[in-house]
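What follows is one structure encoded as structure tokens, with my remarks underneath.
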Amino acid sequence: MAISPNTIALPTPLSWTGPHVKPTTDERALDNFLKSVERRALRMAELATGMREEALDLVQDAMFGFVRHYADKPASDWTPLFYRVLDSRLNDWHRRRTVRSRWLAVFTRSADDDDEGDEIAQAPDLNDPGPLLRLSGTEAARDLDAALRALPLRQRQAFLLRVWEGLDVADTARAMGCSEGSVKTHLSRALASLRRALEDHA
Amino acid sequence: MNTPQTPRDGGWLEQSKRLLDDSAEHLDAATLSRLNRARQAALGRGRRRVREWLPVGALATCSMLVALVMVQGRWHGHAGGTPELPLDAHAAAAGDVDLVSSEDSLEFYQDLEFYAWLEAQQQDQDLGS
């Protein structure tokens, strides 16, 4: 029988591609998930620390922690769980920093006093169009950054997770490791403080 | 969005979200590269962890099986009034471990009665001839 070259399946030449491990479907989903949250996570960490390098380290730690502890959880739970890990890293960072700089507390005004301020004085004027709308893009971004950095950690996280990330109250509470009532309180105070701070800047 | 806000908060909150989105969108290349490396490192560590723990898990399972068989053998020994596990019990225990750990020989053990019968037949034939 004559064998036509077309009927022979020639083996493709093998080439060494190194110790590459083909990602599984789960791993690809995990990769996509981390890709979807990493930038916002970095900005949150940056707002908390004020330093990009520290923020990058914290996000990397959060990714490690998330993959280690929660990668096998249902994908629908990943967002609050990832932010739970990040929130925990931010809290740890904040605690360490507080201990280190305690001796400086006399000279700096603590931004972590949630109970300060007169809530009636902070109540918004309903006829005002809002603070950021009166500023140009760059100024607004800079002022928003400053106002967010001035917020206490819990208030800032409540604002960012709830307003920016769009988590509902239950997931925000899960991410922050607190009750839903605390989330509402933190958010309410964050909104009042932001409005006031941005008014001052405008 | 279901945040506790006044009707006019919508405008500046929406703008805040846009500004934050912009800041996350326009990160510099070096930062994006660091994030990418961090992500790959986290995924790689997860992968390595699974690979590292698999043999440990297998070893632990085997050890547990051996321990179970030994304990069972010893317990049976005590129940029968003998303080020490007899040698043939040790051999039986080792056989059980062999049986559990070796999938290939499972058929042999299942056909053991047949082989015994075959041997008996051959002995009968030898005696008859």
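The values are calculated or read from the model by the stated rules, or taken from the named source; none is laboratory data. Just so you know, these numbers come straight off a predicted model, no measurement behind them. Neighbour counts run over all protein chains shown; Cβ positions are idealised from the backbone, glycine included. Side chains are part of the model used for accessible areas, which takes the heavy atoms of the whole protein and leaves out ligands, DNA and RNA. Shrake-Rupley method; radii C 1.70, N 1.55, O 1.52, S 1.80 Å.
Heavy atoms of the protein only, probe of 1.4 Å, neighbouring chains included. What is the accessible area of A:GLU53 in Å², nearest 10? Result for A:GLU53: roughly 110 Å² accessible.
Accessible area per residue (1.4 Å probe, heavy atoms of protein chains only) ranks B:MET64, B:MET70, A:MET44 as B:MET64, B:MET70, A:MET44, with the largest value leading.
Each other residue within a Cβ distance under 14 Å of A:VAL169 adds +1 if Lys or Arg and -1 if Asp or Glu, for a net charge of -1.
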